[in-house]
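Take this structure, written in structure tokens, and hold onto it; I'll ask about it next.
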Amino acid sequence: ELNDFVYDGSYAKKKLGKDLIPAATTIFTPDWVVRYMVENSLGRMWVEGHPNDELKANWKYYLDEVKQEESVEAELAKIRAEYANLNPKDIKVIDPCMGSGHILVYAFDVFMQIYTSVGYTEKEAAISILENNLYGIDINERAFQLAYVAVMMKARQYHKFILKKQVQCNIHSIVESNGINVEQLHFFGVQLDEFSKNAAINQMQGLIAQMHDAKEYGSIITVENYDWELLRQFAETFDASSGFYLFNANGIEETQQRLKEIVIVGEVLAKKYEVIITNPPYLGSSRFNDKLDKLVKEYYPNEKNDLSMIMYKQAISNMSIKNGFVAFITTSSWMFLSSFEKLRKYILSNLSIDTLIDFGSELFDGKVGHNLIVSWVSRIGINNYNMRAVRLVDYCYSKRNEKENEYFNIKNHYTAQQENFSRIPGYPIAYWVSDKFMRIFEEDNMSNYASVTNGLFTCNNNLFLRYWSEVAYKDSFFGCKDKESSLNSVKKWYPYNKGGNFRKWYGNHEYVVNFNRFGSEISKYRVANGQSASFPGQNFYFKESMSWSLVTSGSFAIRYYPQGFVFDIAGSSAFPLNKDNIFHLLGLLNSPIVIYVLGILNPTLNYQAGNIRNIPIKKSIFEYPIINKLVRDCIYESKSDWDCFETSWDFKKHPLV
């Protein structure tokens, strides 16, 4: 019910406080995906240091490593030698957004296989896994309770008397320090010497400050590595009998309990982990509350638009050891969108992406089912790696139930060298592109032949836009040449390019905009609403152009626009630096090769100006006059089709009349 309230109810577009974030971000991860993440992170770390084919045979979703360059193999040999020194107790696994504990439960099974493979009994292993290996954190108290029960029941599967033993289970709910009476700290640590007590008070004050509003932030807060044994001793005993403090001792037992809680949770947040596995919260920045928004802008400027990627940056930067594994599942937007370009560059320079599954849509049920999802396992501290990827984007909608089976189909497996991604503008994780095709990005690109820009944002389309047929024809200015012509004209309405439906070559001439005296009314309105008085791309208004729809449900399509149009942000446009090149460029942009290239630069339904600027071009295309003629013919046929209907202002008669 809360999920419906957050997405469909009165809170559908509002910022979310800490009480509603769990309802908006909790998603069940399919079991086979959990197995992929655990087997290819925890499992890989163990078998790389302790080769064991029998163990690997138990792991159905384990992906063997592909062949590496000699330099990478030498580096991996050193890392595997370090892994060989690990015993099972040394490997700490955390799910920092654990939900109901699905990932931890399967990690328990894998740990059990590891322990028993080196001679532990199941009872010994069950106790050790709880005390040494598994850690979990969640901001939601109910999720913590479910995860705790799930992990303990899994332990009881192997040791039926474990609930009677005093075993420390490292599964916790985030606690915050709000309201702790810091005046009472002087009551604590009575068994410590004066120097140690003062040190403990200073550290406890620091921890209390860092854990303030912790439920607003969850696992993305960074806690310093304090002297945790000292803090535990400090919180263990108190003496409230001294006369000076006696009047201030009310509630001392509650303070003690809360100090113990923040020490326990703080230590979990401060630790470094060999393996981090999670399905993080999915939440866009538009729904961040003010406190969360302020924190992420300060500490995660390159990931601030998406909470899941903020969590990923926290995991790889602050929670993992060097050569540790991090397994995540998120939307695939981080692989391509320009807003995550700096993050991609950081990943490619500091990590290896060992394996990746590109699921496409319909992996999840419910409201998030339409999202494009990817899961990947990365290793800290190694790059120039040859990754293995499984591409399942063709198994969506009616084929969604085929995803798991197609995971094993070798034709869906790709090998890619991370270093090659840096050859593509924007560093997209285009794992399916061949080395040969990568070379085309070394050619010139569109930015050398055309100015590509976004257009006008009116701030109120209902006020300033009309369909062309809604206004008097005599008040419309068709064919305006430049700004001066607009300033000297009394006409109010100008043709407006607002993108529109899929259509190639010509058309979608549907709107007019109130742009009298070069948009003086819009300019005043923009200023009143906190925007600049000048318009984006205004130096190109009324010029001959090529334009595409920013968002489309179909394939990319570009159209010719004659002079006279103002263009919208949804009708982004390109203006040739040499007017004689416009038809050659238009022909290239409407070709199948460009559709494939855009699938590399940004395989979404949102084609941004930066994507078009980066389309590669061979200069030799301008040497073929036939391209010019064919494109003109296509424009003519498309215009004739558009003008056959009353929706065109150049309509003459219906073709059937």
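Any idea how far apart Asp435 and Leu463 come out in nm if each label point goes 7 Å out from Cα toward Cβ?
5.9
Determine the dipole magnitude for the stretch 239-364: charges of +1 sit on the beta-carbon of Lys and Arg, -1 on that of Asp and Glu, nothing else is charged, the reference point is the Cα centre, and the result goes in debye to the nearest 20.
420
So, one more: Roughly speaking, what is the stretch gain from Ala74 to Asp53, that is 0.36 nm per residue apart minus the C-alpha to C-alpha distance, in nm to one decimal?
So the chain would gain 5.3 nm between Ala74 and Asp53.
Right, something else. How long are the three semi-axes of the equivalent ellipsoid for the chain, computed from the Cα gyration tensor as the root of 5 times each eigenvalue, in whole Å, largest first?
The answer is 56, 32, 21 Å, longest axis first.
Moving to a separate point now. For the stretch 580-591, what does the Karplus curve 6.51 cos²θ - 1.76 cosθ + 1.60, with θ = phi - 60°, yield as ³J(HN,Hα) per residue in whole Hz, taken in order and with x for Gly and Pro?
Coupling constants for the stretch 580-591: 5, 8, 4, 6, 5, 5, 4, x, 4, 5, 9, 8 Hz.
What residues from the stretch 320-364 fall in the zone where the backbone N is under 18 Å from a label point 7 Å along the Cα-to-C-beta line of Trp32?
In the stretch 320-364, the label zone of Trp32 (backbone N under 18 Å from the point 7 Å along Cα→Cβ) covers 329-330, 356-364.
Tally the DSSP beta bridges in the chain and give the antiparallel ones as a percent, rounded to 5.
That works out to approximately 65 percent antiparallel.
Same structure again: What full-extension length gain, to one decimal in nm, is calculated for Lys67 and Lys342 as 0.36 nm per residue of separation minus the Cα-Cα distance?
Length difference between fully extended and current span is 96.2 nm.
Using Cα-Cα distances under 8 Å and only pairs 6 or more residues apart, what relative contact order does the stretch 477-582 have, in percent?
Dividing the mean separation by the residue count of the stretch 477-582 yields 33 percent.
Shifting gears a bit: I need to check one value: relative contact order of the stretch 83-139, counting alpha carbon pairs closer than 8 Å and at least 6 residues apart, in percent.
55
Now, a different point. Probe 1.4 Å, all protein chains in place: accessible area of Thr121 in Å², nearest 10?
70
Let me ask you something else. Given the rule -39500 (n - 2.57) for each run of at least 4 DSSP H residues, summed and divided by the residues of the chain, what is its mean residue ellipticity at 222 nm, to the nearest 500 deg cm²/dmol?
-10500 deg cm²/dmol
Work out from phi, with θ = phi - 60° and the Karplus expression 6.51 cos²θ - 1.76 cosθ + 1.60, the ³J(HN,Hα) of each residue of the stretch 338-348, listed in order in whole Hz, and give x for Gly and Pro.
4, 5, 10, 4, 5, 5, 4, 4, 5, 4, 5
Figure the gain on full extension for Ser196 and Glu544 (residue separation times 0.36 nm, minus the Cα-Cα span) and round it to one decimal in nm.
That works out to 117.6 nm of additional length.
For Cys169, what accessible surface area do you get with a 1.4 Å probe? Give it in Å², rounded to 10.
Rounded to the nearest 10, the figure is 10 Å².
On to the next question. How about the stretch 112-169: which trypsin sites (Lys or Arg not before Pro) there are in a DSSP loop, with at most 12 other Cβ atoms within 10 Å of their Cβ?
Lys160, Lys165
Next up: What do you get for the angle between helix 592-601 and the principal long axis of the chain? Use alpha-carbon atoms, 0 to 90 degrees, nearest ten.
Approximately 30 degrees, to the nearest ten.
Rank these residues by their accessible area, most exposed first, probe 1.4 Å: Phe502, Phe238, Phe464.
Phe502, Phe238, Phe464
Return one whole number: the accessible area per residue of the stretch 316-464 in Å², for a 1.4 Å probe.
39
Divide the volume of the convex hull of the Cα atoms of the stretch 177-254 by its number of residues and quote the answer in cubic angstrom per residue.
Once divided by residue count, the hull of the stretch 177-254 is 94 Å³.
Obtain the nm distance between the two label points defined at Asn178 and Glu442 by a simple spin-label model: each point lies 7 Å from its Cα along the Cα-to-C-beta direction.
In this crude label model, Asn178 to Glu442 measures out at 5.8 nm.
Using a ≥ b ≥ c from the Cα gyration tensor of the stretch 344-461 (square roots of the eigenvalues), is it rounded, prolate or oblate, where a/c under 1.5 gives rounded and otherwise the larger of a/b and b/c decides, a/b for prolate?
Taking the square roots of the gyration eigenvalues as a ≥ b ≥ c, the stretch 344-461 is oblate.
Counting other C-beta atoms within 10 Å, and keeping those with at most 12, which DSSP coil chymotrypsin sites (Phe, Trp or Tyr not before Pro) do you find in the stretch 610-657?
The qualifying sites are Phe645, Phe651.
Can you pull the one-decimal nm distance between simple spin-label points at Asn302 and Asp482, each 7 Å off the Cα toward Cβ?
Using points 7 Å along Cα→Cβ, the separation is 4.4 nm.
In addition: Taking the alpha-carbon distance from Lys492 and a cut-off under 30 Å, which lysines remain once sequence neighbours fewer than 8 residues away in the same chain are dropped?
Lys474, Lys481, Lys483, Lys504, Lys524, Lys543, Lys579, Lys639, Lys652, Lys653
While we're on this one: Hey, with R₀ at 51 Å, roughly what FRET efficiency would Ser648 and Asn225 work out to, going by the Cβ-Cβ distance, to 0.05?
About 0.15, to the nearest 0.05.
The values are calculated or read from the model by the stated rules, or taken from the named source; none is laboratory data. On a predicted model such as this, the values are computed, not experimentally measured, just so you know. Methodologically, a virtual Cβ is constructed for each residue, glycine included, from the backbone with ideal geometry; neighbour enumeration extends over all protein chains shown. When the accessible area is computed, the model is the full protein with side chains, heavy atoms only, and any ligands, DNA or RNA have been set aside. Shrake-Rupley method; radii C 1.70, N 1.55, O 1.52, S 1.80 Å.
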